[in-house]
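The values are calculated or read from the model by the stated rules, or taken from the named source; none is laboratory data. All of these numbers come straight from a predicted model, not from anything done at the bench. Quick reminder, even Gly has a Cβ in these numbers, built from the backbone with ideal geometry, and neighbours come from all protein chains shown. Side chains are part of the model used for accessible areas, which takes the heavy atoms of the whole protein and leaves out ligands, DNA and RNA. Shrake-Rupley method; radii C 1.70, N 1.55, O 1.52, S 1.80 Å.
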Amino acid sequence: MKRTIVAVYIVVAVTMFSASIGLVLSGGGAKGGYEVGAWKALIDLGIEIGGVYGTSVGSLNAAAVAQGDFWKALEVWQDISESKVMNPTAEQKKLIDAYGGAEDWSIGELFQGATDVIRKGIDVSPLKNLLTELISESAIRESGVDFGLVTFDLTDMRPEMLFIEDIPSGKLIDYIMASADFPGFQTVRVDGKAFLDGGIYSNQPVEMALQRGFKDIILIDIGRVALRDRIARVQALLQGATVTHIVPRVQYGSTLDFDPEKTQLQIEEGYLDTLEAFGLVQGKYTYIFEGRDILGELFNSLTPEKVEEAIAIIGDPARWSSPAEFYADFLSSLENIYRVDMPTLHLLDRLAFLLGLESLNLYSAGELLDSIAGAYSLLGLERQEGSLVPYEKVVRFVIYLYDNAVLPEPPEKFDFFRASFEELKRVKE
């Protein structure tokens with residue numbers, strides 16, 4: 001009877017979370033603001049998170065997710081700075097700045113900084129103070145959202161994947177510090193054991209979500225990929241699990257670059273990239289909240305006189321037997337060049353890039369068209385040598401449609417997501 005009870009318990013433990021989403025947050029140091037932006041998008045998408053698993057800064061953010069206090073986490077990240085995380089010596093600071101891309105250093109200064117890091121380690125007591133303000137261990141244990149983290153036990157020389165029930169009561173913050181003990185930081189000790197950043201073993205603990213039985217997993221990836229992580233992705237495939245992989249388009253800052261302005265960009269990008277991962281936005285440079293052939297709708301709403309004028313911008317109208325043939329030829333040409341599902345939206349995205357429009361923004365098609373028209377009237381468009389697309393003609397065609405056709409209303413929910421995105425951009429003064 002006892003064996004049967006144990007077996008039932010194991011089956012329940014493995015399947016209890018399988019109906020909801022398992023969220024995996026990778027390590028990435030100062031780039032962790034991206035994960036908070038992604039979390040807000042998941043909230044807005046109405047995605048139920050049943051368990052959350054993280055490594056290094058991902059374990060810190062995972063604790064915030066399990067706790068369920070998004071606005072508190074956002075406030076912490078929007079107020080982040082190096083002094084809130086670490087207290088390096090002057091010599092260590094030179095090394096950190098050089099790691100982040102600064103050029104004002106000498107070989108001697110780097111040597112001294114490295115020596116100081118090896119001898120003393122970087123003091124990260126401010127980070128523990130920050131965690132004490134952000135994290136409520138009791139709230140996490142009572143939340144109903146599963147939690148886990150990865151660290152590496154230096155004393156016993158073995159990795160540790162710890163679920164919330166494996167972490168002794170009162171020790172959660174200590175183990176988050178152990179998970180985030182980046183090489184060069186002062187060694188974290190818990191109950192006499194020394195620990196190191198879990199990223200050296202698994203920086204993307206998809207494996208933990210699989211162990212809990214999740215079949216739908218979302219991975220927010222802001223850092224390196226360990227061998228163990230590659231193996232886990234194969235295991236997910238073999239087990240029939242779906243992993244939605246969300247990764248930054250642009251890397252703003254580096255692992256130890258706690259610059260508030262870069263953090264804000266990461267937060268915004270995390271939100272937008274998550275909407276893209278779930279098919280709500282189009283574009284490789286901008287983020288367009290649209291799923292229709294908006295140029296086709298504009299073209300079809302023109303009067304017959306305006307149709308002929310629009311076609312004449314591209315070529316002699318006599319080349320095509322009808323407006324429908326012209327537009328089908330236009331669309332087919334874009335499809336052959338861009339090789340994407342929505343070539344007209346990709347065209348608008350490309351024009352935005354060529355005209356230098358702001359990329360990190362959630363656009364409706366109408367707003368993007370208005371911005372394209374404004375930028376072109378002010379700056380024109382540089383000649384694109386060797387391009388298969390005659391962008392000078394095309395941009396004039398697009399602007400003509402915008403000026404003369406009836407613009408459709410934005411898709412449902414655009415205003416909701418736009419308002420939420422704008423709320424993220426209100427940086428704490």
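Structure notes:
- When every residue of the stretch 179-199 is checked against the conditions, at least one turns out to be in contact with a Gly (Cβ under 8 Å, 6 or more places away or on another chain) and of a type in the set (Asp, Glu).
- Among the residues making up the stretch 244-267, a single one is within 25 Å of Ala209 (Cβ to Cβ) and over 13 Å from the mean Cα position of the chain (by Cα): Thr255.
Here's the yes/no breakdown for (1) farther than 19 Å from Tyr285 by Cβ; (2) surrounded by fewer than 12 Cβ atoms within 10 Å (Cβ to Cβ):
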residue: Arg319; (1), (2): yes, yes
residue: Gln384; (1), (2): no, no
residue: Pro390; (1), (2): yes, no
residue: Leu401; (1), (2): yes, no
residue: Phe416; (1), (2): yes, yes
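- Residues that are of a type in the set (A, V, I, L, M), out of contact with any Cys (no Cβ under 9 Å at 6 or more places or on another chain) and surrounded by fewer than 19 Cβ atoms within 10 Å (Cβ to Cβ) occur in the stretch 242-254; there is at least one.
- Residue list for the stretch 154-190, filter: part of a loop (DSSP other than H, G, I, E, B), open to solvent by less than 50 Å² (accessible area, probe 1.4 Å) and without any contact (Cβ under 8 Å) to a residue 24 or more places away in the chain: Ile167
- Count of residues meeting criterion [open to solvent by 40 Å² or more (accessible area, probe 1.4 Å), at pLDDT 85 or above and of a type outside the set (D, E, K, R)] in the stretch 72-113: 2
- Within the stretch 403-414, considering residues that are loosely packed, with under 15 Cβ neighbours inside 10 Å and over 30 Å from Phe70 (Cα atoms), the one modelled with the lowest pLDDT: Val406
- Filtering the stretch 44-60 to residues that are more than 16 Å from Leu162 (Cβ to Cβ) and open to solvent by less than 20 Å² (accessible area, probe 1.4 Å) leaves Gly50, Val57.
- In the condition set (1) closer than 14 Å to Gly51 by Cα; (2) hydrophobic (A, V, I, L, M, F, W, C); (3) exposed (fewer than 14 other Cβ atoms within 10 Å of the Cβ), Val206 is compliant with all but (3).
- Note on the stretch 128-144: residues that are in contact with a Leu (Cβ under 9 Å, 6 or more places away or on another chain) and assigned to a loop (DSSP other than H, G, I, E, B) amount to 1.
- Criterion violated by Ile399 - all others in (1) assigned to a loop (DSSP other than H, G, I, E, B); (2) touching a helix residue (DSSP H, G or I) at 6+ places or on another chain (Cβ under 9 Å); (3) more than 30 Å from Glu261 (Cβ to Cβ) satisfied: (1)
- Subset of the stretch 216-241 (residues that are of a type in the set (Val, Ile, Thr), outside any loop (DSSP other than H, G, I, E, B) and either at positive phi or open to solvent by less than 40 Å² (accessible area, probe 1.4 Å) (or both)): Ile217, Ile218, Ile220
- Those residues of the stretch 137-153 which are farther than 15 Å from Gly199 by Cβ and either open to solvent by 40 Å² or more (accessible area, probe 1.4 Å) or aromatic (Phe, Trp, Tyr) (or both), in sequence order: Ser138, Arg141, Glu142, Ser143, Gly144, Phe147
- Subset tally (residues that are crowded, with 19+ Cβ neighbours inside 10 Å and closer than 16 Å to Leu369 by Cβ) for the stretch 287-317: 10
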